[in-house]
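Here's the structure we're looking at; comments come further down.
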Amino acid sequence: MITLGSKRKELEHIYQLLYKHFGRRHWWPADTAFEVIVGAILTQNTAWKNVEKAINNLKTANMLSPVKLYSQPISTIAELIKPSGFYNQKAKRLKLMITFLVERYNGNIEEMCKKNTVDLRNELLSIKGIGKETADSIILYACNKPIFVVDAYTYRIFSRHGLIDKQTDYEEIQEMFMNNLDHDPQLFNEYHALIVETAKHFCKTKPLCESCPLSELPRYID
């Protein structure tokens, strides 16, 4: 169990080490808030390069809008997002998200984002196929609201450095960040992006600890 409020300096130090090494990540790469939402759903269980191909298909077909996709059958959406993998399943999830946007907010993402964070998160989690990480990604990256996104990379890096244990759940990890860092969406955005970069380049399944920007920290690797 995490002792909340005791890790601010550690978390800030890790952030500074990663930011010094990688610089600003300019994440999430998207032209619109709706593109962020689509990407958050499509990125489940696939590499980002595949998501980019699927989004480019939607752009080429002039379908990257909630109103336009709302009128399309799931089969058409599935064909357009095929490069993202698991496309039939993702097409159903995307259709449910679009239906939610159009029928509850008239397709207006700005209106959706006016909801307070707790209520919006609960609404998103009520959509079949939208889990905590996806909901929080939408809230942070599409709505620019301060909520920390936790993913498998977060578990990996912070358990290896002893800040969490393997039994720590999503909410506990999220609380660790949110109770110890300023509630700044840009900070949460940058921190999560830096975690992703670190896991991709250094903290792999077989980690490259000696060259990692976090090499000075204690580590506990099985």
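The values are calculated or read from the model by the stated rules, or taken from the named source; none is laboratory data. A quick note: this is a predicted structure, and the numbers were derived from the prediction, not measured. Here Cβ is always computed from backbone atoms with ideal geometry, including for glycine, and neighbour counts include all displayed protein chains.
If you go through the stretch 69-95 and keep only what is of a type in the set (Val, Ile, Thr) and buried (at least 18 other Cβ atoms within 10 Å of the Cβ), you end up with Ile77, Ile81. Exactly one residue among Val36, Val51 is touching a residue at least 60 places away in the same chain (Cβ under 8 Å), touching a helix residue (DSSP H, G or I) at 6+ places or on another chain (Cβ under 6 Å), within 25 Å of Tyr153 (Cβ to Cβ) and part of a helix (DSSP H, G or I), and that residue is Val36. Going residue by residue through the stretch 30-45, is there one that turns out to be surrounded by fewer than 18 Cβ atoms within 10 Å (Cβ to Cβ), modelled with pLDDT of 95 or more and of a type in the set (Phe, Trp, Tyr)? No, every residue in the stretch 30-45 fails to be surrounded by fewer than 18 Cβ atoms within 10 Å (Cβ to Cβ), modelled with pLDDT of 95 or more and of a type in the set (Phe, Trp, Tyr).
Annotation: of all residues in the stretch 157-184 being touching a helix residue (DSSP H, G or I) at 6+ places or on another chain (Cβ under 7 Å) and modelled with pLDDT under 95, the one that is surrounded by the most Cβ atoms within 10 Å (Cβ to Cβ) is Ile164. Please tell me if Phe100 is in a helix (DSSP H, G or I), buried (at least 17 other Cβ atoms within 10 Å of the Cβ) and of a type outside the set (A, V, I, L, M). Judged against the criteria, Phe100 is a match.
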